[in-house]
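What follows is a single structure, written as structure tokens, with notes after it.
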Amino acid sequence: MPDPQATQQTAQRILLVEDEPSIAGPLSFLLRKEGYAVTHVANGNDALQEFEHGEFDLVLLDVMLPGLPGTEVCRTIRQTSFIPIIMLTAKDSEVDIVVGLELGADDYVTKPYSASELLARIRAVLRRFECAKQSEAGESPGNQLAISGIELDLDRHTVTVRGVETAMPLREFELLELLMRHAGRVLTRAQLIDRVWGTNYYGDTKTLDVHIKRIRSRIEVDPTNPELIVTVRGVGYRFD
Ligand code: CA
């Protein structure tokens, strides 16, 4: 008798958009070896065409593409779809990273990347997307968030840090909630400010840093060496 789990599982489909053959070849090979179905295209226009006609679970998107840049591909896909997008960027291209995340990419990996890092990011993004779909379907109560020893009670607005309930002002609570809801994903400074202070906020971004510092002093074991809320230099913050 066939294993029902094995027959149920179809390969997850990845659209790989990468113009550099020396990267695309080995990467396609690696992803297929991991059990993913891969469609590879080498430019942005082909990417949008494939995306429109195929069904995918994730897009791996190089930013530097001939013709239509990766950021435009990301923007266009986001107009119609919440599909997970991971950007492949050159090292030190902080601007590309920030722009991509603000256009709705879920994560990024800088080249040269390690295979294990990239695969871990792919799995994390796919898992998060699955969880989000399930909680939208009402399978999780949604009024509690618990990660890495930090529990948020969203009804009572209380924070429990490694078993000890602690008070937290509203803005800090909202900021922490946002970071925890997107655990593992980098949120840019502008995204955090927009969501917590609103798009009409004209103050300077130091306010954000001050709030992050206060949250760290409440939840981190060693606030000078944070392990929960990590600074991503030049980009923003990530809850690990
Ligand atoms: Ca490229």
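Full extension of the chain between Ala167 and Thr224 gives 18.5 nm of extra length, using 0.36 nm per residue less the Cα-Cα distance. Need one word for the stretch 4-131: rounded, prolate or oblate. Basis is the Cα gyration tensor (sqrt eigenvalues a ≥ b ≥ c); a/c below 1.5 gives rounded, then a/b vs b/c decides. Rounded.
Just so you know, the Cα atoms of the chain work out to an Rg and Dmax of 19.4, 65 Å.
Distance distribution note for the stretch 138-239: the fraction of Cα pairs above 18 angstrom is 45%. Estimate the FRET efficiency between Thr10 and Arg78 by the formula 1/(1 + (r/R0)^6), using the beta-carbon distance for r and 30 Å for R0, to the nearest 0.05. After rounding, the FRET efficiency stands at 0.75. Each residue of the stretch 47-88 gets 60 Å³ once the volume of the Cα convex hull is shared out per residue.
Could you list which residues have their amide H under 5 Å from that of Gln144, counting only those 5 or more apart in sequence or on another chain, with H placed in the peptide plane? Here the answer is Leu154, since their amide H atoms fall under 5 Å of that of Gln144.
Please check the chain for the longest run free of chymotrypsin sites (Phe, Trp or Tyr not before Pro) that are loop-located per DSSP (anything but H, G, I, E, B) and have at most 12 other Cβ atoms within 10 Å. Result, exposed sites excluded: 83-201.
Any read-out appearing in this document is the output of simple, stated calculations on the displayed coordinates, not a laboratory observation. Bear in mind the structure is a predicted one, so any value in this text is a computation, not a measurement. Don't worry about glycine lacking a Cβ; one is built from the backbone with ideal geometry, like all the others, and counts go over all protein chains shown.
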